[in-house]
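First comes the structure, then the notes that go with it.
What follows draws every value from the coordinates through simple rules; no lab data is involved. These numbers come from a predicted model, not from an experiment. When we count neighbours, we look across all protein chains shown, and the Cβ atoms used for this are built from the backbone with ideal geometry, even at glycine.
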Amino acid sequence: MFKSFRALLFIPIFIVLLTRVSIAQNRYKIVDPSVSFFAGTPLEDIDAKSDKLVGVLDIEKKTFAFRIAMNSFKFKRELMQEHYNENYLETEKYPNSEFRGTIEGDFNLEADGDYPVKASGTFKVHNVEKQYTIDAVIYVKSGNPTIDAKFIIGLEDHNIDRPSVVMMKIAEEAEVTVHAGLTKI
């Protein structure tokens, strides 16, 4: 009797563990990210890079959530860095940007290939949310998936001011480029 009772105890534990394993197999996290943006004009190159993107992609639900610390972007010139953090993006007040939504399109992270997809969702920058649909490509090579995307955001759309003193040096839009590896959680 004691042995059968003990066996009954292990069944729920086994089911919970099996469920956790199957859930984990459907989720991927960002690894080795590179995010850059360019908001320059012919008068000034304004570009920065960060490797601090974090995020999760649930392939079963086709959902994602990405976040980046805005003060992690590094500029070539220290003064640009200072103005970006203090005057334009106000990174102490609005430390992160987030993009959450769904992935549209067919892809298989277990099979080599190039998979064009669309990422649709809410992009929050400078504490302003806006809906975006972004073209992206998921590449799988030798079993290693990566995701690439390039898109444009309007600075005014996110209440990012361009003071008249530097308006000719800062573009109205920023081109954002994302490259990141994906690995199972």
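Per-structure values
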quantity: Simple label model, 7 Å out from Cα along Cβ direction - Thr183 to Arg100, nm; calculated: 2.6
quantity: Helix-derived mean residue ellipticity, 222 nm - over the chain, DSSP H n ≥ 4, -39500 (n - 2.57), to 500; calculated: -5500 deg cm²/dmol
quantity: Two-site FRET efficiency, Glu60 against Met168, from Cβ-Cβ distance with R₀ of 45 Å, rounded to 0.05; calculated: 0.40
quantity: Helix 2-25 vs. the chain, principal-axis angle (Cα, 0 to 90°, nearest 10); calculated: 30
quantity: Those lysines that a straight Cα-Cα span of less than 27 Å connects to Lys118, excepting residues fewer than 8 apart in one chain; calculated: Lys29, Lys49, Lys52, Lys61, Lys62, Lys130, Lys141, Lys150, Lys184
